[in-house]
Amino acid sequence: EKGGYDYFMLKEIAEQPRAVADTLLGRIGSDGRLHLDEMRITDQQLREIDKIIIIACGTSYHAGLIAKYAIEHWAGLPCEVEVASEFRYRDPILTRSTLVIAISQSGESMDTLMAVRHAREQKARVLCICNVNGSTMPRECDGVLYTHAGPEVGVAATKTFLTQLVAVYLIALYIAQVRGTKWGDEVFAMVQLLATMPEKVEKVLETMEPVRELARSLAGERSVLFLGRHVGFPVALEGALKLKELAYMHAEGFAAGELKHGPIALIEEGLPVIVVVPPRAREVLHDKIVSNIQEIRARGARTIVIAEEGDDTVVPYSDTLIEVPAVPTLLQPLVATVPLQVFSCELATAKGHDVDQPRNLAKSVTVE
Ligand code: F6R
């Protein structure tokens, strides 16, 4: 049932183009407009929202962090993101015009479920993004948008993460379509581009051999750092989480702009640092991160750079360059995350670990 792969995780990484395509399927009309009526939230209700709060755990939380950028930009609504286990222990300000979005692959994470219940008690409208039909969360929420990743057996979230990203892009663009924002043309163009993402992810998968080689060469390292900016920051966090859970290795993700506020002190000779570089079109961010790469390299870091194809500016400072297809910044996590999944999977396997069943972890965490 692993379809010829040694691990479910490998199979699930390979299935990502299809998972992304299936999650888009039927949701983009022939006129290029989005259809998400299945969400059970009316257009009128969407027009009344004045704030969005996203709650989730682990990898799903990283999808939530990326959602914030998409929602603020396209939908033009304030958006907060919080780990579910912290949510109800604060005094979150929720009203009838707050839309809470719970993101959960399994639909069973107790931390997220308790946060959902708390939000509903406060009269907020609660939508969930979920991969498992008939699980608890979709039953307890006002609405649901299913990801169609298919069953994920490997404990580490891979294809479900990419499909969660697709779901949050769809929601952000749909809210923009319903409410009408200044980005009307861009929204239309983005929907068209989303439809091309399965090919782009496929293209990344075809070029992963050097990443696997790199991973094997780093199996003896003690620590790996990940840097990113904008949506590349949550991608860095996700890369670090994957490495922790699969390779049992110290890994940390940072916002590249924070380097000089502390983490740069960690840089020492030979330390592998993976940097997610925003597209060149985001000139200001791009140039800042290129300076960060120069700074850490001057201090001895081994720089592993993920950048869009044809970005020559990073070549002189990259010990290893991993190229991904050129896509708009907000969509870049769909292509930039894949090499990080492949990297941690291969590194963990090289260390002899079972990537489908990492120690101490469960696929669905049903206790708080
Ligand atoms: C990481 C991973 C976990 C889950 C987290 C939330 O690879 O799988 O961090 O993302 O436990 O699970 P769901 O999405 O089922 O609520």
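The values are calculated or read from the model by the stated rules, or taken from the named source; none is laboratory data. None of these values were measured; they are calculated from a predicted model. Here the Cβ is made from the backbone with ideal geometry for all residues, glycine too, and neighbour counts use every protein chain on show. Quick note on the areas: whole protein, heavy atoms, side chains included, nothing else; ligands and nucleic acids left out. Shrake-Rupley method; radii C 1.70, N 1.55, O 1.52, S 1.80 Å.
Shown in residue order for the range 310-324 are the 3J(HN,Hα) couplings computed by the Karplus curve 6.51 cos²θ - 1.76 cosθ + 1.60 at θ = phi - 60°: x, 7, 6, 4, 8, 3, x, 10, 9, 6, 10, 10, 10, 8, 10 Hz (x for Gly and Pro). In summary, the convex hull built on the alpha carbon positions of the chain has an orientation-averaged projected area of 17.5 nm².
Taking amide H positions as modeled 1.01 Å from N, with prolines and chain starts lacking one, the residues under 5 Å from Leu321 and 5 or more places away or on another chain are Val305.
Near His148, the amide H atoms lying under 5 Å from its own belong to Thr23; only residues 5 or more places off or on other chains count, and H is placed 1.01 Å from N.
Taking θ as phi - 60° and the Karplus parameters 6.51, -1.76 and 1.60, the scalar couplings of the range 133-144 work out to 4, x, 7, 5, 4, x, 6, 8, 9, 5, x, 8 Hz in sequence order, x denoting glycine and proline. The label point for Glu209 and the one for Arg40, both projected 7 Å from the Cα toward the Cβ, are 4.9 nm apart. Straight Cα distances below 15 angstrom link Lys68 to the aspartates and glutamates Asp50, Glu80, Glu82, with same-chain residues fewer than 8 positions distant left out.
Placing +1 on each Lys and Arg Cβ and -1 on each Asp and Glu Cβ, with no other charges, gives the chain a dipole about its Cα centre of roughly 680 debye. For the chain, complete DSSP H runs whose alpha carbons reach 27 Å or more along their own long axis and whose mean Kyte-Doolittle score is -1.0 or higher are 159-179, 332-350. The 3J(HN,Hα) values that the Karplus relation (6.51, -1.76, 1.60; θ = phi - 60°) gives for the range 75-88 are, in residue order, 7, x, 10, x, 9, 10, 10, 9, 5, 4, 5, 9, 3, 7 Hz. Gly and Pro appear as x.
Pairwise Cα distances in the range 53-181 exceed 18 Å in 48 percent of cases.
Counting heavy atoms of the protein chains alone, Asp6 has an accessible area of about 110 Å² for a 1.4 Å probe. Which one of Ala251, Ala215, Trp74 has its Cα pushed farthest toward the positive end of the charge dipole of the chain, where Lys and Arg give +1 and Asp and Glu give -1 at the Cβ? Farthest along the dipole direction, towards plus: Trp74.
Qualifying trypsin sites (Lys or Arg not before Pro) in the range 180-253, where qualification requires a DSSP coil assignment and no more than 11 other C-beta atoms within 10 Å, comprise Lys182, Arg222. The heavy atoms of Asp287 present about 80 square angstrom of accessible area, all protein chains included, probe 1.4 Å. Residue ranking by accessible heavy-atom surface, 1.4 Å probe, largest first, among Glu221, Glu48, Glu269 comes out as Glu269, Glu48, Glu221. Close amide H partners of Ala102, meaning residues 5 or more places away or on another chain with modelled amide H under 5 Å apart, are Ile55, Leu127, Cys128, Ile129. For the peptides 111-120, 253-262, 89-98, residues were scored by their other Cβ atoms within 10 Å and the scores averaged per peptide; the highest-first order is 111-120, 253-262, 89-98. In summary, the lysines within cross-link reach of Lys2, defined as a Cα separation below 25 angstrom excluding same-chain residues under 8 places away, comprise Lys11, Lys159, Lys200, Lys203, Lys242, Lys244, Lys351, Lys363. The trypsin sites (Lys or Arg not before Pro) of the range 266-368 that meet both conditions, a loop assignment by DSSP and at most 12 other Cβ atoms within 10 Å of the site Cβ, are Arg359. With Cα atoms defining each centre, the range 299-368 and the range 17-39 are spaced 27 Å apart in the structure.
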